[in-house]
Amino acid sequence: MSSPNNWQEAKSDLKSNEGLNLPGTLAPSSASSTGASRSSVDPTRPDSSSPRPRSTSSSPGPHFSKSKCAICLDEIRKEDGKAIFTAECSHSFHFDCITSNVKHGNRICPLCRTQWKQIPLFVDDRVPLPIFPAQRGFEDDEALPHGGESQIIQSDDAAAAHRQPLEITLFPEVSAVAKHVTRPDFAVLVHLKAEGVSGDDDRRTRAPLDLITVLDISGSMEGTNMELMKNAMGFVIQNLDERDRLSVIAFSSNARRLFPLKLMTETGKQQAIQAVNSLAAGGGTNIAEGLKVGARVIEDRRWKNVVSGMMLLSDGQDNFTLSHNGLRMRADYEALLPSSSRIPIHTFGFGSDHDAELMHTISQVSSGTFSFIETETVIQDAFAQCIGGLLSVVVLEQVVEIECVHEQGLKISSVKAGSYRSRVSSDGRSAKIDVGDMYAEEERDFLVLLEIPRCEAESMSLVKVRCVYKDPVRREIVRVESGEVSIQRPKELTGGEVVSIEVDRQLNRFLVGEAMSEARVLADAGDLTGAVGVLRNRERDLAETASARSRDGLCQSLSSELSALQERMTSQRMYHRSGRAYAYSSMSSHSTQRATARGPAVEGSMGPMAYQTESMARMVTRSQQLGTGGSPKPSPARGNRS
C-alpha cells in the first residue's frame, strides 16, 4: 500500500523526458587493448596478438617450427595469401588444413592435444569468395523468392487467423475519487503486451529480416577485438535462415560495402563468412561514413523484407568528422540515416574508449537501442540478444490512440512515453504515441496524466485506447481496441487510497531514468559527489515504494542498476571508463523498454536483464553454449511483473 502523500511527491518529481544534445567537439580516439581467449581467422597473416609456444630441447614429442603448419608441414607465410587459423592454445595452422580436421568432428589440437572450445568457422572451399566491384549505387540486392510474396508461411490452424497478437490493459492510479475532488495529474497506465512465439514455431511464423551490419575495423580493433567481432558475426550469420538477407559494411578511415544484401542460404552464409574472415584492422574511425554507406544499402535495395534492422559496432571515437576553425565538429548523424526507409539502428559500444553519447544518440534518433560491451568477451552474447529480438518481430508501425470518454472537464495533460514520440491534441481530449515495432512477448507501458473534474455521478469513465499496427506475419493492418477504464465517485472515501502496484512500478521506472540522466549531467560536469547523491536518494525512495516492497522484478533490476552506477562513479577515471556508457545504456533500455547489454558478464549473464524476452534469452543461451564448449549456462533473470 502506497502512502498518498508519497505518491503525490513522487509524481511531482516526474519531469519531462530527457533530451540529448550533441556537444560541439569530439576528442581524438585512443587504442584500447584487452585480453581474451577466443580464436579467429585472419585470411592474410598469422595473429600477432597471440603468444606462440616456445620450442625447447627438453620438450617431449616432435618439434615443429612456429613458421610451419603442423598438418601440411608447409611454411606459414603471409605473402602466400592463405588464411591462417590461430587456436586458443596459440598454435597456428593453415585454415584449409585445420577445417578438414574440424569438419569431421575433431576438436583436439594436433600438437598439444588441447580440447578446443572454439573451432574455425567451416567454409566450403568449393564456394568461391565473392568479388564485388566498386559501385556508386547498391541496387544489386538479391531478389526475394517470388518478390517476397511467399516469404511468410502461415499456419493452417484456423485459430491462427483470429489470434490477437496484442493485448491492451488499462490501470487507473486509484479505484475511487470523491465527488467533490479535482485531480490535476491523475495517472492511467496503458499496458501493451505482444503475443509470444514458441521455440518450435518461431522460424515457421516469424517475418523475414533484412539485416545491415556496420563494423568498425579501425586500428584499435587489431588483435583480440577483431577476433571476437568475427566470432560474433559468425554466430549472427549461422542463426539467420534462407528467408533473411544480410549485408556487411566495414569502416575505418573510410567505409565500404564488403558484402551485398544477400539471402542467407547455405551458399550465402559461406560467402558471408568468407567476407567477414577477410577483415583486417587499420586506419581511423569514421562512423559517419559507415552510417552513410549503410543508409545507401537500405535506400537503394530493390526488394524489401518486411522487417529491417541495422547493427553498428565501434570501439573508438569518430575522428573523421568535419572540422571548423581547427575544432572537430560532429556530423549531423540523424541526416545520415535512411530517409525513405527509417529503420532502428542498434548500436554497440565496445570497450572503454568508445563514444557512448554518440552511440546512444544514433540509437535514440533511429528508435534503436544502445548496448555497452564493457567486457569484450560478451560481444557475441550482446549480438545474440539483439538478433533474438529482430528475429521475433510480431508488431510493426504501431500507433497508440488515447481518447477521453467523460465529456465535461476531463482532459489529457501529458503522456509519459520515454523515448517514444507522443503528442496531445490542442483540446486535450486525445493523444497519440508512435510505438513502432514490438518483439514477441514484449511489453510497453505508458502513463497518461489526466485532469479529473468534479463529478456528481456514481462512476466516471476516463479513457479508451485503440492500437493500429501492421501484422508482419499476415501483412495486414490490425486495429485492437480496449474497453473503457472507469473509477468510482463516492461522496466520501472510506479508508486511505491504495495506489495500483502496476502504476507505481512504472512511475518508479520513469523516476529512476530521470535520476540517471541528472546524475550523468552532474558527473560530466565533474560533480561525482552530487551525482552519487542523486542516485542514492532515488535508490532509498525506490525501496519505500509499494511495488519495490512487493519484490517486483523490475524494481529489483532498477535498484541493482542504481547501485552499479554509483560504484562506477567512485572516481573520474572509473566514470569515464565505464560509468558514462553504463548510464547511457541503462537510460536507453528503460526509455525504450527493451533489453540492452551493459556491464561485465556475471555467472553467464550480461547484468540485469529487465525486458529480455524468451526469444532473446534462448539466443543468448545458444551463444553461451557455443562459447563454453557446449556446456549450457543458466538464462539471465528477467525483470518480471510480479
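The values are calculated or read from the model by the stated rules, or taken from the named source; none is laboratory data. Since we're looking at a predicted model, the values are computed, not measured. FYI the Cβ positions are ideal-geometry reconstructions off the backbone, even for glycines, and counts take in every protein chain you see.
When the range 502-558 is filtered for residues that are among the polar types (S, T, N, Q), within 27 Å of M574 (Cβ to Cβ) and buried (at least 19 other Cβ atoms within 10 Å of the Cβ), the ones remaining, listed by number, are N508, S517, S557. Contact map, the range 381-393: first residue within 15 Å of M233 (Cβ to Cβ), second residue in a helix (DSSP H, G or I) and of a type in the set (F, W, Y), Cβ cut-off under 7 Å, separation 6 or more or different chains; pairs are F383/F235; A384/F235. Taking the range 339-375 as the range and being among the charged types (D, E, K, R) and in a loop (DSSP other than H, G, I, E, B) as the test, the residues that pass are R342, D353, D355, E374. Of all residues in the range 527-557, those satisfying the criterion of being under 27 Å from the mean Cα position of the chain (by Cα), touching a residue at least 40 places away in the same chain (Cβ under 8 Å), under 23 Å from V498 (Cα atoms) and part of a helix (DSSP H, G or I) are S547, A548, G553, L554, C555, Q556. It is to be established whether one or more residues within the range 226-242 are touching a residue at least 24 places away in the same chain (Cβ under 8 Å), touching a helix residue (DSSP H, G or I) at 6+ places or on another chain (Cβ under 9 Å) and over 25 Å from M616 (Cβ atoms). No.
Conditions tested, residue by residue: (1) in the same structural domain as N319 (by TED's automatic domain parsing); (2) surrounded by 23 or more Cβ atoms within 10 Å (Cβ to Cβ); (3) over 12 Å from the mean Cα position of the chain (by Cα); (4) of a type in the set (D, E, K, R).
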| residue | (1), (2), (3), (4) |
| --- | --- |
| E357 | yes, no, yes, yes |
| V365 | yes, no, yes, no |
| S371 | yes, yes, no, no |
| F383 | yes, yes, no, no |
| C386 | yes, yes, no, no |
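Of the candidates N239, N231, N254, N225, the single residue that is at pLDDT below 95, under 16 Å from K269 (Cα atoms) and not basic (K, R) is N231. Considering each residue of the range 504-513 in turn, none proves to be in contact (Cβ under 8 Å) with a residue 12 or more places away in the chain and in a loop (DSSP other than H, G, I, E, B). Give A384, A295, A335 a once-over and let me know the one that is part of a helix (DSSP H, G or I) and modelled with pLDDT of 95 or more. The match here is A384. Among the numbered conditions (1) surrounded by fewer than 17 Cβ atoms within 10 Å (Cβ to Cβ); (2) within 27 Å of F446 (Cβ to Cβ); (3) not β-branched (V, I, T), the only one that P490 does not meet is (2).
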